[in-house]
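**Q** Below: one structure in structure tokens.
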């Protein structure tokens, strides 16, 4: 099965999924899948490990929530504003972070994300620890009522498809090929005349904007923007989603996000609810030690070996 047929089959399954599964759960999976795909563009294809990507998810959510409540923006304009805000923050953070490499890059992104966390904790317009509650979903284009979960689901699906398409186009473009070259051998890319910092910065901005898009969409789905969206725990979870699904693969983050969100959703209501983070940590360790290519990566290896 070629890629186009596979994507078409997945799209058809996504269209039919609300008939089988709860739409709000599916929307949560899609939001985190877009977040993980955005993160994977940076880690899997540019080789940059960010420990602060929750800052962009949360920024998109807070900006969208505030403008929807106080400015009465329509959903499409609110999401656009949140995405733009996250992209601008990513442009600033990226300029500071891409000057460093390896663990130093990761630590800079973590420090900058913590600055964002404490800003949203103290800022008067964010609601502090209570967050922004009661964010209206509104009417899409003035006539589609998003308070209906089914209508909201297909809107979220359309946003995910757009984000995924943009990432795929980026990866397969000449720009994406340069990113892969930087990931594999940065000194050689420099010797070929590429300004690697500019390429890494642009990848950081695109990834940040798409993370903000995921955060804006999540805020509309749950009608809430909270500190959990900018906490460093969430930055760690998106790393886990990417590694479990398959770093450097297009479908890996989608599979990883689905797996992690399903595990969290299943365990949160049971006796193991207090041990979710321990269980996720154990999954991370097993993933790193046993199958470093992730679920999709291992499946692709198996197909190559047997066919």
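The values are calculated or read from the model by the stated rules, or taken from the named source; none is laboratory data. This one's a predicted model, so the numbers in the text were calculated from it and none came from an experiment. All Cβ positions, even for glycine, are placed from backbone atoms using ideal geometry, and neighbour counts span all protein chains on display.
**Q** For the list (1) under 17 Å from the mean Cα position of the chain (by Cα); (2) surrounded by fewer than 13 Cβ atoms within 10 Å (Cβ to Cβ); (3) not in a helix (DSSP H, G or I), I need the number of the one condition that residue 233 fails.
**A** (3)
**Q** Can you pull out every residue in the range 274-289 that is at pLDDT below 75 and over 16 Å from residue 237 (Cβ atoms)?
**A** 274
A quick yes/no check of all residues on (1) over 21 Å from residue 257 (Cβ atoms); (2) within 20 Å of the chain's Cα centre (by Cα):
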{"residue": "95", "(1), (2)": "yes, no"}
{"residue": "107", "(1), (2)": "yes, yes"}
{"residue": "124", "(1), (2)": "yes, no"}
{"residue": "139", "(1), (2)": "yes, no"}
{"residue": "147", "(1), (2)": "yes, no"}
{"residue": "156", "(1), (2)": "no, yes"}
{"residue": "160", "(1), (2)": "no, yes"}
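**Q** While we're looking at this one, here's another question. Looking at (1) in contact (Cβ under 8 Å) with a residue 12 or more places away in the chain; (2) assigned to a loop (DSSP other than H, G, I, E, B), which is the one condition that is false for residue 147?
**A** Every listed condition holds for residue 147 apart from (1).
**Q** Same structure again: Could you count how many residues in the range 42-70 are over 15 Å from residue 97 (Cβ atoms) and either within 12 Å of the chain's Cα centre (by Cα) or in a loop (DSSP other than H, G, I, E, B) (or both)?
**A** Keep residues of the range 42-70 that are over 15 Å from residue 97 (Cβ atoms), which gives 44-45, 57-70.
Next cut, either within 12 Å of the chain's Cα centre (by Cα) or in a loop (DSSP other than H, G, I, E, B) (or both) only: 57-58, 60.
Number satisfying all stated conditions: 3.
**Q** Check off (1) in a helix (DSSP H, G or I); (2) without any contact (Cβ under 8 Å) to a residue 40 or more places away in the chain for residue 124 and give me the number that stays unchecked.
**A** Going through (1) in a helix (DSSP H, G or I); (2) without any contact (Cβ under 8 Å) to a residue 40 or more places away in the chain one by one, residue 124 breaks only (1).
**Q** Another question about this same structure. Can you name the residue in the range 96-108 that is part of a helix (DSSP H, G or I) and touching a helix residue (DSSP H, G or I) at 6+ places or on another chain (Cβ under 7 Å) and, of all such residues, is surrounded by the fewest Cβ atoms within 10 Å (Cβ to Cβ)? Don't jump to the end; show me each part of the working.
**A** Initially, the range 96-108 is screened for residues part of a helix (DSSP H, G or I), giving 96-97, 102-108.
Within this subset, residues satisfying the condition of being touching a helix residue (DSSP H, G or I) at 6+ places or on another chain (Cβ under 7 Å) are 96-97, 105, 108.
Numbers: 96: 12, 97: 24, 105: 20, 108: 19.
Only one residue tops the list, namely 96.
**Q** Then there is this: Return the residue satisfying two criteria in turn: it lies in the range 74-90 and is surrounded by fewer than 19 Cβ atoms within 10 Å (Cβ to Cβ), in contact (Cβ under 8 Å) with a residue 24 or more places away in the chain and more than 17 Å from the chain's Cα centre (by Cα), and of such residues it is farthest from residue 52 (Cα to Cα).
**A** Selected residue: 74.
**Q** Go through the range 71-95 and count every residue that is over 26 Å from residue 112 (Cβ atoms) and assigned to a helix (DSSP H, G or I). Talk me through it step by step, then tell me what you get.
**A** Going residue by residue through the range 71-95, those that are over 26 Å from residue 112 (Cβ atoms) are 71-77.
Subset that is assigned to a helix (DSSP H, G or I): 75-77.
Going through the range 71-95 one residue at a time, the tally reaches 3.
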